[in-house]
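Visitor: Sharing a structure here in structure tokens format.
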Amino acid sequence: MKTYTHILFDLDHTLWDFEKNSEETLYTLYEQFELNKHGKFDCDSFYNKYKFVNVRLWDLYNKGKITQKELREDRFVKTLTGLGLEPHELPQGISEAYTDMCPTKTAVFPFTYEVLDYLQPKYGLHIVTNGFKEVQHIKMSSSKLHNYFKEIITSECCGYKKPDRRMFEHLLDKLEVKPEHCLMIGDNYECDVEGARAAGIDQVYFNPAQVKGRKRPKPTYEISCLSELKAIL
Ligand SMILES: [Mg+2]
């Protein structure tokens, strides 16, 4: 059994409930921008299309194929044109409204606070996220997560993105800690599990939907609920 001293968390889809917060935001925007007036799609279609487009664009962003600016602009353009709006019908400012509103939402995964309260006295807790610095700080303070964490490493501030192992090494250097004393927890197999493994860090794959992936190396641990961390740590 290894002795862990530092626990690294991913933020989106691991602690901060991105799905729920994004859904709430998109439903509000649908009303606010009166997207029903086109008579082309309902609120659920808007949400589902956005989700589909956003996942794909984030994948391109994580692979370094598009920039943050392209990600933010393209997701609404592709969603709305995909639902049948003409370019001149695209509502002005919807992308900015989303970026302003979504990070102020506060839904987190079940047992988030309980588990962090349990871990905080025993370990150094840190965030390693590919999200954008300013946005992640707003999410963390809105949902009262900021006080639990010492270092918040974003791809913007260190210059690397998960799964690049240099992102993890940046944190190890900063903490002056060896990889075997760290444990990374995250929901994205490629970014969080493979990235941490490449840096020599043990991994907890957070898989709440219990999705069976294609055949790939097992993470050190796999959990479907954050409360299971208490049995590991
Ligand atoms: Mg994540």
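Visitor: By how many nm would the segment from Lys122 to Leu233 lengthen if fully extended, with 0.36 nm per residue of separation less the alpha-carbon distance?
Guide: 39.1 nm
Visitor: For region 105-233, what relative contact order do you get, as a whole percent, if you take Cα pairs closer than 8 Å and at least 6 residues apart?
Guide: Once normalised by length, the contact order is 22 percent.
Visitor: For the chain, what % of the accessible area comes from carbon and sulfur atoms, probe 1.4 Å?
Guide: Of all accessible area on the chain, carbon and sulfur atoms account for 50 percent.
Visitor: Quick one, could you list the DSSP H helices from the chain stretching 24 Å or more along their long axis (Cα atoms) with average Kyte-Doolittle hydropathy of 0.5 or above?
Guide: Qualifying helices, which must be both long enough and hydrophobic enough, do not occur.
Visitor: What are the residues whose amide H is under 5 Å from the amide H of Met184, where those residues sit 5 or more places off or on another chain and H is modelled from the backbone?
Guide: Counting only residues 5 or more places away or on other chains, the set is Leu8, Asp202, Gln203, Val204.
Visitor: If you average the alpha carbon positions of region 19-37 and of region 77-96, how far apart do those two centres end up, in angstrom?
Guide: Cα centres, region 19-37 to region 77-96: 13 Å.
Visitor: OK, next. Distance between the C-alpha centers of region 121-138 and region 151-205? Whole Å please.
Guide: About 12 Å separates the Cα centre of region 121-138 from the one of region 151-205.
Visitor: Using a Förster radius of 25 Å, what is the FRET efficiency between Glu19 and His88 based on their Cβ-Cβ separation? Nearest 0.05, please.
Guide: FRET efficiency, Glu19 to His88: 0.20.
Visitor: How about Lys162: which aspartates and glutamates have a C-alpha closer than 14 Å to its C-alpha, ignoring those fewer than 8 places off in the same chain?
Guide: Once the sequence-local aspartates and glutamates are set aside, what remains near Lys162 is Asp10, Asp12, Asp59, Asp187, Glu190, Asp192, Glu194.
Visitor: Taking 0.36 nm per residue of sequence separation and subtracting the Cα-Cα distance, how much length would be gained by fully extending the chain between Glu31 and Lys51, in nm to one decimal?
Guide: Extra length from Glu31 to Lys51 when fully extended: 5.4 nm.
Visitor: Given the pairs Lys20/Lys139; Lys122/Lys212; Lys133/Lys174; Lys133/Lys161, which are separated by over 22 angstrom at their Cα positions?
Guide: Pairs exceeding 22 Å: Lys122/Lys212.
Visitor: How would region 18-104 be classified by its alpha-carbon gyration tensor: rounded, prolate or oblate, with rounded meaning a/c under 1.5 and the a/b versus b/c comparison settling the rest?
Guide: prolate
Visitor: Sticking with this one: Which whole-number value in Å² is the accessible area per residue of the chain, probe 1.4 Å?
Guide: That works out to 50 Å² for each residue.
Visitor: Can you tell me how region 93-233 classifies by the Cα gyration tensor, rounded, prolate or oblate, using a/c under 1.5 as the rounded cut?
Guide: Since a/c stays below 1.5, the shape of region 93-233 is classed as rounded.
The values are calculated or read from the model by the stated rules, or taken from the named source; none is laboratory data. Treat the numbers as computed from the prediction; the structure is a model and nothing was measured. Cβ atoms come from the backbone with ideal geometry, glycine included; neighbour counts cover every protein chain shown. Accessible surface areas use protein heavy atoms only, side chains included; no ligands, DNA or RNA. Shrake-Rupley method; radii C 1.70, N 1.55, O 1.52, S 1.80 Å.
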